[in-house]
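Some notes on the structure that comes next.
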């Protein structure tokens, strides 16, 4: 695929691979992100991957958008082709109606019963496409066309931390209490962002995620567990 190079102000360049949410585009963005990091291109300050593009922030005193685009174009295809193995995670999620206020709505739209929604969601193989909206908030690609739902017409002003939601064939986990406009189907009691942890975000782009359905009692035990280590408890070999 041939990327487009788009200036973003006077200190950033966007390398855009397409306009869809597609596994191939996600892989291309993440591969380029790794290649840019490995190449240590002069003037690069930070990279920000998304579903379909990579934003590269640079020091305008050290390089320019044109020079940066030329350097990226010169990267050999082999540098961007390999897929990242990523890390594997098994995250608990309680799909009890008490934690999924939108289960009935999603059921009406998809034709799946609440229990079938839980089975479909927990059975999906997700890839972390990007982090965004909130620190450590993962956008997970991997749902099928049944979950191609639009966002809520009226966002909620406050969601519980750990809310697991779906929309646009994606799933997301809100790491902290916040507003949100996606459809809530459950809750994950694992802390996804901790400023005292290194790195503070539990998940990273390219990681692979599956969900393990739990009941309300286990959700409470995990949430109340002192010293719960999500890396030890949820990381899969």
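The values are calculated or read from the model by the stated rules, or taken from the named source; none is laboratory data. Since the model is a prediction, treat every value here as computed from it, not as a measurement. With ideal geometry, Cβ positions are generated from the backbone for all residues, glycine too; neighbour counts draw on all protein chains shown.
I want to confirm something. Restricting to the stretch 96-112 and keeping residues that are assigned to a loop (DSSP other than H, G, I, E, B) and touching a helix residue (DSSP H, G or I) at 6+ places or on another chain (Cβ under 6 Å), which single residue is surrounded by the most Cβ atoms within 10 Å (Cβ to Cβ)? Write out each step before concluding.
So the first thing to find is which residues in the stretch 96-112 are assigned to a loop (DSSP other than H, G, I, E, B), and the list is 96-102, 111-112.
Right, trim to touching a helix residue (DSSP H, G or I) at 6+ places or on another chain (Cβ under 6 Å) and you get 96-97.
On the way: 96: 18, 97: 13.
Looking at the filtered set, the residue picked out is 96.
Looking at 13, 25, which one is modelled with pLDDT of 95 or more, surrounded by 15 or more Cβ atoms within 10 Å (Cβ to Cβ) and not assigned by TED's automatic domain parsing to the domain that holds residue 174? Explain how you work it out, then say what you get.
Values: 25 fails: modelled with pLDDT of 95 or more.
Every option except 13 fails the conditions.
Within the bounds of the stretch 41-58, is there any residue that is farther than 21 Å from residue 133 by Cα and either part of a helix (DSSP H, G or I) or in the same structural domain as residue 127 (by TED's automatic domain parsing) (or both)?
Within the stretch 41-58, not a single residue is farther than 21 Å from residue 133 by Cα and either part of a helix (DSSP H, G or I) or in the same structural domain as residue 127 (by TED's automatic domain parsing) (or both).
Before we move on, is residue 153 at pLDDT 95 or above, out of contact with any helix residue (DSSP H, G or I) (no Cβ under 9 Å at 6 or more places or on another chain) and in the same structural domain as residue 217 (by TED's automatic domain parsing)?
So residue 153 does not fit the description; no.
Restricting to the stretch 156-179, name every residue that is within 16 Å of residue 140 (Cα to Cα) and modelled with pLDDT of 95 or more.
Matches in the stretch 156-179: 162, 163, 164, 165, 166, 167, 170, 171, 172, 173, 174, 175.
So, of the residues in the stretch 185-196 that are surrounded by fewer than 23 Cβ atoms within 10 Å (Cβ to Cβ) and out of contact with any helix residue (DSSP H, G or I) (no Cβ under 8 Å at 6 or more places or on another chain), which turns out to be nearest to residue 148 (Cα to Cα)?
193
Anything in the stretch 113-129 that is outside any helix (DSSP H, G or I) and in contact with a helix residue (DSSP H, G or I) (Cβ under 8 Å, 6 or more places away or on another chain)? List them, or say none.
113, 127, 129
Residue by residue through the stretch 195-222, note down the ones that are without any contact (Cβ under 8 Å) to a residue 40 or more places away in the chain and farther than 26 Å from residue 23 by Cα.
Hits for the stretch 195-222 are 195, 196, 197, 198, 217, 220, 221.
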